[in-house]
Amino acid sequence: MLFLYLRMEKKKKSKLGNILFVPVIALLIIPQTRKPIQIVLNKGLALFGPSVIDEEKRDKLTNYNWDLLSEDNQPFDFNQVKGKVVVINFWATWCPPCIAEMESLEKLYKKFSDEDDVVFLFVTTDFFSEISKFKEKHNYTFPAYRQLNQEHPFFNVPTIPRTFIIDKEGNVAVDKDGASNWYSETVVDLIENLLKK
């Protein structure tokens with residue numbers, strides 16, 4: 001008798017699981033609901049800050065030859081960042097993990113935007129018209145750039161988002177694939193310490 005009862009309970013749970021599973025799959029298939037769900041899931045993954053690379057293991061930039069174009073159609077020569085702390089984020093307006101981490105990047109940008117020795121480069125392949133609408137919708141103020149003609153060999157990124165933090169000597173202190181919490185204590189402390197050197 002107990003065996004039959006347990007078997008019936010197992011079938012009920014199985015049916016309930018199937019009933020819940022089907023709508024979740026449907027929501028992920030429908031384009032209008034897929035992106036918001038992906039953003040929420042990535043925000044959950046981006047609760048923690050990125051890891052900082054040990055000083056003795058950091059790669060060093062030796063080439064600063066890279067031309068970008070700003071949103072106001074002004075050329076930007078990457079050589080201008082030599083001797084400064086640089087935060088480079090590769091992103092897109094259509095990318096759920098990028099959108100998930102953007103709020104923390106905006107906070108980080110605002111914290112250090114008045115600091116002359118910190119440069120933020122938000123690099124995308126999106127058209128500036130798309131970027132402008134995206135920034136306006138979310139009240140973002142960070143500067144966006146597009147690559148002018150060639151990719152920098154060091155920043156040949158196959159996936160986005162990808163973010164680098166580079167010290168004044170060109171050493172890469174952070175190289176992070178995927179969404180992260182960029183307004184974490186770890187990142188803020190890192191930038192403040194890099195500014196003191």
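The values are calculated or read from the model by the stated rules, or taken from the named source; none is laboratory data. Predicted model only: the values in this text are computed from it and were never measured. Every residue, glycine as well, gets a Cβ built from its backbone with ideal geometry; the counts of neighbours run over all protein chains shown.
A compact table of results
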{"item": "Residue list for the stretch 121-163, restricted to those being in contact with a Lys or Arg (Cβ under 9 Å, 6 or more places away or on another chain) and among the small types (Gly, Ala, Ser)", "result": "144"}
{"item": "Single condition residue 183 does not satisfy, out of (1) out of contact with any Lys or Arg (no Cβ under 9 Å at 6 or more places or on another chain); (2) of a type in the set (Ser, Thr, Tyr); (3) touching a residue at least 40 places away in the same chain (Cβ under 8 Å); (4) closer than 17 Å to residue 107 by Cα", "result": "(1)"}
{"item": "Test for residue 70: is it of a type in the set (Gly, Ala, Ser) and surrounded by fewer than 15 Cβ atoms within 10 Å (Cβ to Cβ)", "result": "yes"}
{"item": "Residue in the stretch 119-127 that is among the aromatic types (Phe, Trp, Tyr), loosely packed, with under 13 Cβ neighbours inside 10 Å and assigned by TED's automatic domain parsing to the domain that holds residue 180 present", "result": "yes"}
{"item": "One residue from 171, 193, 156 being without any contact (Cβ under 8 Å) to a residue 24 or more places away in the chain and either surrounded by 14 or more Cβ atoms within 10 Å (Cβ to Cβ) or closer than 16 Å to residue 68 by Cβ (or both)", "result": "156"}
{"item": "Residue 179 in a loop (DSSP other than H, G, I, E, B), closer than 18 Å to residue 70 by Cα and of a type in the set (A, V, I, L, M)", "result": "no"}
